Amino acid sequence: MAENLWLNTYRMMDTGKGHLKKCGFRWHSAVTGQNTSNYIYTFPLVKYKKYPCVVCEIVVTRNTGEVICNVYDSSHNLYFPFYTDFFLYRKRKERMNQRIKKEFKRLGILQV
């Protein structure tokens, strides 16, 4: 069975503004509250021709280093195969997990 990455807790150790910008994160007002400063990074997981069909969105809270990872389809709805344990989606989910873990490693995000 493929691992459920979305159930794990992750932290980014270096949450400096310069480091986040260098890694490709951008400040996003929609995910930033009054007492927090959140940065968002989006990358494609599945493409059709040159267009992203499924994307992973990583949100980092600068104050705590807490990381939230979500996967969306092209309509910005949660991508069901990533969040289910249904056996038909196992291989697809494993490929997505590998790609996300690779990106986590590149960004310096660790599982707590």
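Observations on the model:
- Among (1) at pLDDT 90 or above; (2) of a type in the set (S, T, N, Q); (3) farther than 16 Å from residue 103 by Cα, the one test that residue 9 misses: (3)
- Any chance residue 58 is of a type in the set (A, V, I, L, M), under 19 Å from residue 9 (Cβ atoms) and open to solvent by 40 Å² or more (accessible area, probe 1.4 Å): no
- Checked against (1) modelled with pLDDT under 90; (2) surrounded by fewer than 12 Cβ atoms within 10 Å (Cβ to Cβ); (3) among the basic types (Lys, Arg), residue 47 meets all criteria but (1).
- Taking the criterion of being among the basic types (Lys, Arg) and surrounded by 13 or more Cβ atoms within 10 Å (Cβ to Cβ), the residues of region 74-94 that qualify are 90, 92, 93.
- All told, residue 71 meets the bar of being crowded, with 18+ Cβ neighbours inside 10 Å, out of contact with any Asp or Glu (no Cβ under 7 Å at 6 or more places or on another chain) and touching a residue at least 60 places away in the same chain (Cβ under 8 Å).
The values are calculated or read from the model by the stated rules, or taken from the named source; none is laboratory data. All values derive from a computational prediction rather than experimental measurement. Cβ sites come from the backbone with ideal geometry, for glycine too, and all protein chains shown count toward neighbours. Just so you know, the surface numbers come from the protein's heavy atoms only, side chains and all, with ligands and any DNA or RNA stripped out. Shrake-Rupley method; radii C 1.70, N 1.55, O 1.52, S 1.80 Å.
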